[in-house]
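A short worksheet on the structure shown next.
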Amino acid sequence: MFFHAHPDDEALLTAGTMAMLAAEGHRVVLVVATAGERGLAEMRPGEALGETRMKELYASAAALGCARVECLGYGDSGLSPKGGIAEERPDNAFIDADTEKAATALADILREERADLLSIYDPAGGYGHPDHVQVHRVGRRAAEIAGTEIVLEATVNRDPLVKLLKAAGKVYRFPPEFDVRTFESAYSSSETITHRVNVRRYARQKRAAMEAHASQATGGDTDRTLAVMLKVPGPLYRLVFGTEWFVRRDLPPGARLRHPFDRWPK
Ligand SMILES: [Zn+2]
């Protein structure tokens, strides 16, 4: 089971691993906390953004081979202009949710599916979106309640990424609002990562998942990661998206695994 904050997070962080597990015959379930209704707005007339983004999520999940998609139904907490918690947010914002209640709802699905594995985020929530931090808290607790054995924190190995983005910046013009420096303290450093999953074979599915989230990739002036990533030239794209990274905290530092279900010591 892969737990994400908003539709499109699965495409950016774990799509290759999801497609790989589905291709191996595992039942892959995708759960989002919110419908992402405070994302970029480029709507068809008469349609709410949350509805559009859920449709996109179903299309992405289908491309990846997911067996089931669920939304916990919390409100997208949004981001303040400075990147912190937004002052104006919906009554049922995920960030204000009772952790125990949300975790119980997620644990119910974990139990129903008899899930072997739950994928969440690192404690910092990657780049720090409050809903992503909440995914960590709620996910941890849900795994405790349901007794899920393997908990993986989906992350990005920031070391090669920062190096690569700096090099790419010399030949490729990133949008001015895309600041490479934000990656220097986000996600995880190389030595803390326990899983490096080679997903190069699933690049096609991963790209299809990203393209399914059209409302987030085509909306006007945007600093959304997805819009930037879809513009990344082919070779760089394969390099950046050929691997997905996870941290499993119950393993000793120095554990180096290649598959979510690998055991350590090998
Ligand atoms: Zn998100």
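The values are calculated or read from the model by the stated rules, or taken from the named source; none is laboratory data. All figures in this text were calculated on a predicted structure; none of them were measured in a lab. Positions of Cβ are backbone-derived with ideal geometry, glycine not excepted, and every protein chain shown enters the neighbour counts.
For the range 92-126, filtering for residues that are of a type outside the set (V, I, T), in contact with a strand residue (DSSP E or B) (Cβ under 7 Å, 6 or more places away or on another chain) and either assigned to a helix (DSSP H, G or I) or over 20 Å from T17 (Cβ atoms) (or both) leaves 9.
Residues of the range 168-224 that are within 23 Å of A59 (Cα to Cα), in a helix (DSSP H, G or I) and at pLDDT below 85: A214, S215, Q216, A217, T218.
Starting from residues that are surrounded by fewer than 24 Cβ atoms within 10 Å (Cβ to Cβ) and among the aliphatic types (A, V, I, L, M), keep the ones in the range 119-133 and report whichever is nearest to Y187 (Cα to Cα). Here the residue is A124. Taking the range 185-199 as the range and being surrounded by fewer than 18 Cβ atoms within 10 Å (Cβ to Cβ) and either free of Cβ contacts under 8 Å to residues at least 60 places away in the same chain or under 14 Å from G254 (Cβ atoms) (or both) as the test, the residues that pass are S185, S189, S190, E191, T192, R196. Taken as a whole, the condition of being hydroxyl-bearing (S, T, Y), within 15 Å of H213 (Cβ to Cβ) and either surrounded by fewer than 17 Cβ atoms within 10 Å (Cβ to Cβ) or at pLDDT 95 or above (or both) applies to T14. Output the residues belonging to the range 64-85 that are under 16 Å from the mean Cα position of the chain (by Cα) and modelled with pLDDT of 95 or more. The answer is L64, C66, V69, E70, C71, L72.
Does the range 42-65 contain at least one residue that is outside any helix (DSSP H, G or I), of a type in the set (D, E, K, R) and within 16 Å of the ligand (Cβ to nearest atom)? No, the range 42-65 has no match at all. With respect to (1) within 13 Å of the ligand (Cβ to nearest atom); (2) assigned to a loop (DSSP other than H, G, I, E, B), the lone exception for K82 is condition (1). Condition (residue is closer than 20 Å to P260 by Cβ, touching an Asp or Glu at 6+ places or on another chain (Cβ under 7 Å), within 14 Å of the ligand (Cβ to nearest atom) and not in a helix (DSSP H, G or I)) applied to the range 139-150: is it met by at least one residue? There is no residue in the range 139-150 that is closer than 20 Å to P260 by Cβ, touching an Asp or Glu at 6+ places or on another chain (Cβ under 7 Å), within 14 Å of the ligand (Cβ to nearest atom) and not in a helix (DSSP H, G or I).
Considering only the range 73-80, I want to know if a residue exists there that is touching a residue at least 12 places away in the same chain (Cβ under 8 Å), surrounded by 15 or more Cβ atoms within 10 Å (Cβ to Cβ) and of a type in the set (D, E, K, R). Show your work before the answer.
First, pick out the residues of the range 73-80 that are touching a residue at least 12 places away in the same chain (Cβ under 8 Å): 73-79.
Imposing the further condition that a residue be surrounded by 15 or more Cβ atoms within 10 Å (Cβ to Cβ) reduces the set to 74-79.
Still in the running and of a type in the set (D, E, K, R): 76.
Yes, the range 73-80 contains at least one residue that is touching a residue at least 12 places away in the same chain (Cβ under 8 Å), surrounded by 15 or more Cβ atoms within 10 Å (Cβ to Cβ) and of a type in the set (D, E, K, R).
The residues of the range 5-23 that are over 13 Å from S119 (Cα atoms) and within 16 Å of the ligand (Cβ to nearest atom), listed by number, are H6, P7, D8, A11, L12.
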